[in-house]
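The values are calculated or read from the model by the stated rules, or taken from the named source; none is laboratory data. Given the structure is predicted, the values throughout are model-derived calculations rather than measurements. All Cβ positions, glycine included, derive from the backbone under ideal geometry; neighbour counts span all protein chains shown. We work out accessible area using only protein heavy atoms, side chains counted, and drop any ligands, DNA or RNA first. Shrake-Rupley method; radii C 1.70, N 1.55, O 1.52, S 1.80 Å.
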Amino acid sequence: MKQSKIMLQILLAAILLTAAIFAGCKGDQGPAGPAGANASMAPRITAVVAMPDSVGPGVTSQVLVSAYDPNGDSLAYEWTATAGTFSNPNAAATMWTAPADRGVVLLRVAVTAGGQTVRDSTAVGVSTSRPTVFPNYLGSNATSCGHCHSATAAQWAATPHAGAYDSLGTSNTNPYCLQCHTTGFDDKYDHNGNLTTHGQNSGGYDDNPRAELQGVQCESCHGAMGPDPAGHSPQLTNVISGEKCSQCHTQQTEIDSSGHGTVIARSGGVGPFLTEWGGASCNPCHVSEGFIKSKDADWTTANLAMANQINCTTCHDPHNKTNDAQLRSVADVTQAYGGEDNPAGRTITGMGKGQLCAQCHHARRNQANIQGQIASGSAHPGPHESPQGDMINGYGDWELTGTVERTNQHTTSMLPDMCVDCHMYTIARGQPGGPNFGHRFAPDIRKCQTCHPGATDFDIGGTQTEVTVLMDSLKALLPHDGSGNVMAAMDTVNWSAPQRAAGYTYFFVNADGSKGVHNRSYALSILRNAVASLQSNPN
């Protein structure tokens, strides 16, 4: 102990001597001020030291700053701290007394000379080691982030992330579980609790197991903010891309093999993807940042660079549990075209969590556009792709003379979350094929079997067969290429008006993609009417 004190005194003396030497060194600077060779210069800080840099509650640490002014002006000091007290906050060397709470405390110093101020800081661990990597984890959203982002922190407090540690129950000592249920845990453990990779000491829960770091807090996703949260640079890209989510939500990475998760690869890279879908009218549904900005008021004016395909945080709001599953929106959707008797105004509603899907999966053509297609043809005929919401609702086609049945056999009493019930069928952990969280968005026949025992494919009751037969009949009456492919001959400018009218139904049903599963009655009735119209008036 005596030897440590001697070493500390030597170190302090050396630093103070350095400050004194620099304080007298101004000869090579020339006269100060505008009239001299050099303008007035700010003071310089050469070192900020706390000895020791790890103390117990109520224990003192010697702190000092070494500084000089190039112009020879006298120096003034001001110490502040995120916690604890100074014996003399206006001295170059002073004593700091640690608070009772465990954590990492930032000690700041401002040095002023000649009207100019510079600042620096150091950190001290209280009942914990001083982190060797900065920034370090602060924890306690209410104080470290909530003082500026109070509304967001309050919303987060109601989410499962906030209670992630408490949800562990008696498993709250299992390091394998703690990796995902606490903040800043960078050591890696296997299922048996064996350490596989040792992380850096950055003050996370594995380094500093305190209550302030329990749960999945802001820093879990946005990165360490300490010791000074005011100067933080939160990670946004990794959050919006879903990379942070996948570190713990490993099963939900099924999305990587889905249509949503492979669109950049299928486009040939980010550049071609953004060329195709990054425009202002497209990105609210095709690009993650665009959708987030369109649904979250906090991001409306944010300068988010379009870069990511649909992923976790596109659909789920990590901060907000207003909607089930923390979905960003389950709002009603107004169809762009709801039929000639109500061309705009029909509402897609009541589909539970499936309302999120309907935000994008609905047609875009309005009455004027459709009437123009029928009158003059189009190089892009039919509805905008993905009119599933319109099909389910039983409206949206350019309907021809004949009986139109709109009632969907899949009622919301049967499928309260509609799209989600079928396309995100889940299988519990331990069950055959499980766990499966449905993030491939592919319909699963096992869901059908809950109402249709014995079903082996989606052609239940022959619906898909019947729709296919009618589509083939309609295709034979429409212009098509030598292979019988209508889609390859879809520029309808040279089609007859009856062909354009019936062709709209073909494109509508084809774009829906379910072959009648989404609304058997509507699909069959509009196809029958389209076939009949061309059979009676082919030209």
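State which residue pairs qualify: first residue modelled with pLDDT of 95 or more and inside the stretch 397-411, second residue of a type in the set (D, E, K, R) and surrounded by fewer than 17 Cβ atoms within 10 Å (Cβ to Cβ) in any location, beta carbons under 9 Å apart, and separation of 6 or more residues or different chains.
TRP398/GLU340; GLU399/GLU340
From the set of residues in the stretch 252-269 that are open to solvent by less than 30 Å² (accessible area, probe 1.4 Å) and of a type in the set (Gly, Ala, Ser), which is nearest to VAL287 (Cα to Cα)?
Filtering the stretch 252-269 for residues that are open to solvent by less than 30 Å² (accessible area, probe 1.4 Å) and of a type in the set (Gly, Ala, Ser), the one nearest to VAL287 (Cα to Cα) comes out as GLY261.
Which pairs do you get when a residue that is within 16 Å of ALA153 (Cα to Cα) and assigned to a loop (DSSP other than H, G, I, E, B), found in the stretch 295-307, comes within reach of a residue that is at pLDDT 90 or above and not hydrophobic (A, V, I, L, M, F, W, C), reach meaning Cβ atoms under 9 angstrom, with the pair 6+ apart or on two chains?
That search, which allows pairs on different chains as well, returns ASP296/ASP317; ASP296/HIS319; ASP296/ASN320; ASP296/ARG328; ASP296/SER329.
Please work out if LYS475 is open to solvent by less than 70 Å² (accessible area, probe 1.4 Å), outside any loop (DSSP other than H, G, I, E, B), touching a Cys at 6+ places or on another chain (Cβ under 6 Å) and at negative phi.
Here the answer is no, as LYS475 does not meet what is asked.
Which members of the stretch 111-122 meet the condition of being under 25 Å from THR97 (Cβ atoms) and either open to solvent by 60 Å² or more (accessible area, probe 1.4 Å) or not hydrophobic (A, V, I, L, M, F, W, C) (or both)?
Across the stretch 111-122, the qualifying residues are THR112, ARG119, ASP120, SER121, THR122.
Being free of Cβ contacts under 8 Å to residues at least 40 places away in the same chain, open to solvent by 60 Å² or more (accessible area, probe 1.4 Å) and within 25 Å of the chain's Cα centre (by Cα) is the filter here, so list the residues in the stretch 425-442 that pass it.
THR426
Has the stretch 211-224 got any residue that is touching a Leu at 6+ places or on another chain (Cβ under 8 Å), more than 25 Å from VAL55 (Cβ to Cβ) and open to solvent by 40 Å² or more (accessible area, probe 1.4 Å)?
No: zero hits.
Show me the helices (runs of 4 or more DSSP H) entirely contained within the stretch 366-445 in which 1 or more residues are within 30 Å of ASP324 (Cβ to Cβ).
388-393, 419-423
Is it true that THR159 is in a loop (DSSP other than H, G, I, E, B), of a type outside the set (A, V, I, L, M), within 25 Å of the chain's Cα centre (by Cα) and within 21 Å of LYS244 (Cα to Cα)?
yes
Report, by residue number, each residue of the stretch 172-198 that is open to solvent by 20 Å² or more (accessible area, probe 1.4 Å), out of contact with any strand residue (DSSP E or B) (no Cβ under 6 Å at 6 or more places or on another chain) and either in a loop (DSSP other than H, G, I, E, B) or β-branched (Val, Ile, Thr) (or both).
Once the filter is applied, which keeps residues that are open to solvent by 20 Å² or more (accessible area, probe 1.4 Å), out of contact with any strand residue (DSSP E or B) (no Cβ under 6 Å at 6 or more places or on another chain) and either in a loop (DSSP other than H, G, I, E, B) or β-branched (Val, Ile, Thr) (or both), the stretch 172-198 yields ASN172, THR173, ASN174, PHE185, ASP186, HIS191, ASN192, GLY193, ASN194, HIS198.
ALA230 is checked against (1) on the phi < 0 side of the Ramachandran plot; (2) of a type in the set (Gly, Ala, Ser); (3) not in a helix (DSSP H, G or I) and fails just one. What number does that condition carry?
(3)
Take the residues of the stretch 487-499 that are of a type outside the set (Gly, Ala, Ser) and within 42 Å of the chain's Cα centre (by Cα): which is most open to solvent (accessible area, probe 1.4 Å)?
ASP491
Being crowded, with 18+ Cβ neighbours inside 10 Å and under 20 Å from PHE437 (Cα atoms) is the filter here, so list the residues in the stretch 230-251 that pass it.
SER241, GLY242, LYS244, CYS245, listed by residue number.
If you check GLY169, GLY103, GLY125, GLY139, which single one turns out to be without any contact (Cβ under 8 Å) to a residue 40 or more places away in the chain, closer than 23 Å to ASN208 by Cβ and open to solvent by less than 50 Å² (accessible area, probe 1.4 Å)?
Unique residue meeting the criteria: GLY169.
Are any of the residues in the stretch 310-331 part of a helix (DSSP H, G or I), farther than 29 Å from THR412 by Cβ and among the β-branched types (Val, Ile, Thr)?
No.
If HIS480 satisfies all but one of (1) in contact with a helix residue (DSSP H, G or I) (Cβ under 7 Å, 6 or more places away or on another chain); (2) open to solvent by less than 70 Å² (accessible area, probe 1.4 Å); (3) not aliphatic (A, V, I, L, M), what's the number of the condition it fails?
Unmet for HIS480, out of (1) in contact with a helix residue (DSSP H, G or I) (Cβ under 7 Å, 6 or more places away or on another chain); (2) open to solvent by less than 70 Å² (accessible area, probe 1.4 Å); (3) not aliphatic (A, V, I, L, M): (2).
Checking ALA375 against (1) closer than 16 Å to ALA501 by Cα; (2) touching a residue at least 60 places away in the same chain (Cβ under 8 Å); (3) touching a Ser or Thr at 6+ places or on another chain (Cβ under 9 Å), only one condition comes out false. Which one?
Every condition holds for ALA375 apart from (3).
Which residues, counting only those in the stretch 28-52, are modelled with pLDDT of 95 or more and either of a type in the set (Phe, Trp, Tyr) or open to solvent by 50 Å² or more (accessible area, probe 1.4 Å) (or both)?
Within the stretch 28-52, ARG44, THR46, MET51, PRO52 qualify.
Take the stretch 40-65 and flag every residue that is farther than 13 Å from MET95 by Cα and assigned to a loop (DSSP other than H, G, I, E, B).
SER40, MET41, ALA42, PRO43, GLY56, PRO57
I'm trying to understand the selection: among the residues of the stretch 511-539, which are within 41 Å of the chain's Cα centre (by Cα), surrounded by fewer than 18 Cβ atoms within 10 Å (Cβ to Cβ) and not aliphatic (A, V, I, L, M)?
If the condition is that a residue be within 41 Å of the chain's Cα centre (by Cα), surrounded by fewer than 18 Cβ atoms within 10 Å (Cβ to Cβ) and not aliphatic (A, V, I, L, M), then GLY513, SER521 are the ones that fit.
I need the full set of residues from the stretch 446-464 which are exposed (fewer than 12 other Cβ atoms within 10 Å of the Cβ) and in a helix (DSSP H, G or I), in order please.
Passing the criteria: only GLY462.
For the stretch 307-352, how many residues meet the condition of being under 30 Å from ILE370 (Cα atoms) and surrounded by fewer than 16 Cβ atoms within 10 Å (Cβ to Cβ)?
11
Taking the criterion of being modelled with pLDDT of 95 or more, in a strand (DSSP E or B), surrounded by 15 or more Cβ atoms within 10 Å (Cβ to Cβ) and in contact with a Ser or Thr (Cβ under 6 Å, 6 or more places away or on another chain), would at least one residue in the stretch 66-76 satisfy it?
Taking every residue of the stretch 66-76 in turn, at least one turns out to be modelled with pLDDT of 95 or more, in a strand (DSSP E or B), surrounded by 15 or more Cβ atoms within 10 Å (Cβ to Cβ) and in contact with a Ser or Thr (Cβ under 6 Å, 6 or more places away or on another chain).
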